[in-house]
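The values are calculated or read from the model by the stated rules, or taken from the named source; none is laboratory data. Given the structure is predicted, the values throughout are model-derived calculations rather than measurements. Note that each Cβ is placed from the backbone with ideal geometry, even for glycine, and that neighbours are counted across all protein chains shown.
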Amino acid sequence: MARTTSTMLPLGTSAPDFHLPDVTTGKTISLSSFTNKKALLVMFICRHCPFVKHVQSQLAQLGKDYENTDLGIVAISANDVNNYPGDAPDLLKIMAAELDFKFPLCYDESQETAKNYTAACTPDFFLFNQERQLVYRGQLDDSRPGNNQPVTGKDLRDAIDTILAVQVITKEQKPSIGCNIKWKPGNEPSYFG
């Protein structure tokens, strides 16, 4: 487990499009799946990472709390399943069912979507406004495995509520910290130097 922080993609970046299968329904999910939403949250997660396991109930709760709002949510797993079979689509489907996710969980087999978002770790969060410009990237909250801070989702929830109220996010944005995305051999992105 390599402890890795978010790349902190520049604010204002346009959301890269993607076309990925939802592991639960098989349906292809893309940016156009959320055209009726005022904001879009893209989360990079996986099944085996202890950082994701630490917050997964809060991620599920986020989906429930914002299910009937103007926020669209999609989760994406991009890990190399040849070397990390615990993150295979059939097991992601079980994860989504067990946690009762109210949002699609997609599998990025090529890892191109993760690269396009400069995703670095799991979990990694990207929040876009109605114009699909990046307005928040960074941590869910201050909680990490073993630091005895409660998992509240405060930082991300504050950003979501601010954008849904059509206001400007002015609070400091702290990087997310988690396990590095498990890149396929030879597929490591250039943004890691």
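Observations
Each row is one residue, and each column tells you yes or no for (1) in contact with a Ser or Thr (Cβ under 9 Å, 6 or more places away or on another chain); (2) crowded, with 22+ Cβ neighbours inside 10 Å; (3) among the aromatic types (Phe, Trp, Tyr).
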{"residue": "SER30", "(1), (2), (3)": "no, no, no"}
{"residue": "SER33", "(1), (2), (3)": "no, no, no"}
{"residue": "LYS64", "(1), (2), (3)": "no, no, no"}
{"residue": "THR69", "(1), (2), (3)": "no, no, no"}
{"residue": "CYS106", "(1), (2), (3)": "yes, yes, no"}
{"residue": "GLU109", "(1), (2), (3)": "no, no, no"}
{"residue": "LYS115", "(1), (2), (3)": "yes, no, no"}
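- With respect to the conditions (1) within 12 Å of the chain's Cα centre (by Cα); (2) under 19 Å from PRO175 (Cα atoms), ASN148 falls short on a single one, namely (1).
- Filter result (hydrophobic (A, V, I, L, M, F, W, C), out of contact with any Leu (no Cβ under 8 Å at 6 or more places or on another chain) and assigned to a strand (DSSP E or B)) within the range 7-33: LEU20
- Boolean, VAL166 is modelled with pLDDT of 95 or more, of a type in the set (Val, Ile, Thr) and within 22 Å of ASP65 (Cα to Cα): no
- Unique residue being surrounded by fewer than 16 Cβ atoms within 10 Å (Cβ to Cβ), modelled with pLDDT of 95 or more and farther than 28 Å from GLY26 by Cβ when the list is ASP161, ASP155: ASP161
- Criterion: exposed (fewer than 15 other Cβ atoms within 10 Å of the Cβ), touching a residue at least 24 places away in the same chain (Cβ under 8 Å) and more than 24 Å from VAL23 (Cβ to Cβ) - qualifying residue of GLN167, GLN173, GLN149, GLN133: GLN133
- Residue that is farthest from the chain's Cα centre (by Cα), among those in the range 34-61 that are among the aliphatic types (A, V, I, L, M) and not in a helix (DSSP H, G or I): ALA39
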